[in-house]
Structure formats: structure tokens, C-alpha cells
Amino acid sequence: MMICICRRLNETAVREAVRAGANCPDTVQAHHGCQFNCGKCKPAMAEVVACEQQRQTSELPLVAAE
Ligand code: FES
């Protein structure tokens, strides 16, 4: 699904940026060497960023506390 039409970033590109360390829409754009044009995609991009971060967190191994 296309997230940012202006910069042609789809959901996969946003998730890839998060896996590489991006933590907000601005850093996702920076990861791909661009910046916002109209900015209409910011809310949707923030949602994908949050979703990917949550997915990464849920994949962390559980460590028993002593
Ligand atoms: S849709 Fe992303 S900057 Fe316009």
C-alpha cells in the first residue's frame, strides 16, 4: 500500500526504515533521502511506524527476572 504518494514510499519502505532505526515519519523520510512535500501522509506513516515498532517489541525474547 502506498503511504507517501509525493515520495513514492509504500508500507514496505516505511517498515524497512523503522527496522533500520527510523523512529518517526521525519526519520523515515530521511532514511530514504527525502523529506515531506505536502505532509498529508504523516498520520498514516506514523501509524505504520508505531505498528512496526510494536511488532519489533513483541518479537524480543522474554528474559526471566530473578
Ligand atoms: S504524500 Fe507524503 S509528502 Fe505528500
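The values are calculated or read from the model by the stated rules, or taken from the named source; none is laboratory data. Since this is a predicted model, take the numbers as computed values, not measurements. Cβ placement follows ideal geometry from the backbone for every residue including glycine, while neighbour counts extend to all protein chains displayed.
Within the stretch 1-16, if we keep just the residues that are among the aliphatic types (A, V, I, L, M) and touching a residue at least 24 places away in the same chain (Cβ under 8 Å), the residue that is farthest from the ligand (Cβ to nearest atom) turns out to be 14. The residues in the stretch 46-66 that are under 27 Å from residue 6 (Cα atoms) and either surrounded by 12 or more Cβ atoms within 10 Å (Cβ to Cβ) or at pLDDT below 95 (or both) can be counted, and the count is 9. Remark: pairs (first residue in the stretch 31-44, among the polar types (S, T, N, Q); second residue at pLDDT 95 or above and more than 9 Å from the ligand (Cβ to nearest atom); Cβ separation under 9 Å; 6+ apart in sequence or on different chains) = 35/26. When the residues of the stretch 1-45 are filtered to those that are of a type in the set (A, V, I, L, M) and in a helix (DSSP H, G or I), the one that is surrounded by the most Cβ atoms within 10 Å (Cβ to Cβ) is 28.
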